[in-house]
Amino acid sequence: MRIRKPSPALVISMLALMMSTAGTGVAAKGLITGRDVKDNSLTGKDVRNRTLTPKDFKGSVKGARGTSGSPGQPGPAGAAGAVGPVGPAGLAGTKGDTGEQGPPGPSTGAAGGDLTGSYPNPTSASTRSARRR
């Protein structure tokens with residue numbers, strides 16, 4: 001694949017873009033001075049790391065930080081918190097052994113489905129209704 005040359009319009013527009021973005025930074029560097037900044041208006045977020053020295057603070061920086069003191073006594077225990085929500089159910093256990101077969105049930109009782117009457121001699125509901133007609 002062959003790379004095409006940029007058009008003259010693209011070259012001019014790119015130069016204009018670079019000059020416009022770089023020009024504001026150059027202009028601002030010379031225009032903003034310490035007299036333009038109000039006292040106590042700058043914070044640590046406004047200053048780049050390692051750009052200020054102790055001379056910039058007019059005596060507010062005394063020197064290197066000293067060693068830390070020993071830790072204090074632990075405070076009293078706090079009150080117990082509220083009970084938390086119930087956790088998820090645990091995993092299912094292993095399947096147990098199969099038990100012995102129980103005794104056979106009685107062969108009597110009400111018939112169901114298309115059957116009427118009771119066991120051991122149920123009758124078909126469709127046969128019964130046909131006989132009544």
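The values are calculated or read from the model by the stated rules, or taken from the named source; none is laboratory data. Just so you know, these numbers come straight off a predicted model, no measurement behind them. Here Cβ is always computed from backbone atoms with ideal geometry, including for glycine, and neighbour counts include all displayed protein chains.
Listed values, structure above:
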| read-out | value |
| --- | --- |
| Residue in the range 40-52 that is surrounded by fewer than 10 Cβ atoms within 10 Å (Cβ to Cβ) and modelled with pLDDT under 80 present | no |
| Sole residue being surrounded by 10 or more Cβ atoms within 10 Å (Cβ to Cβ) and either under 41 Å from the mean Cα position of the chain (by Cα) or modelled with pLDDT under 85 (or both), chosen from Gly90, Gly117, Gly84, Gly30 | Gly117 |
| Those residues of the range 85-115 which are hydrophobic (A, V, I, L, M, F, W, C) and within 30 Å of Ala125 (Cβ to Cβ), in sequence order | Ala110, Ala111, Leu115 |
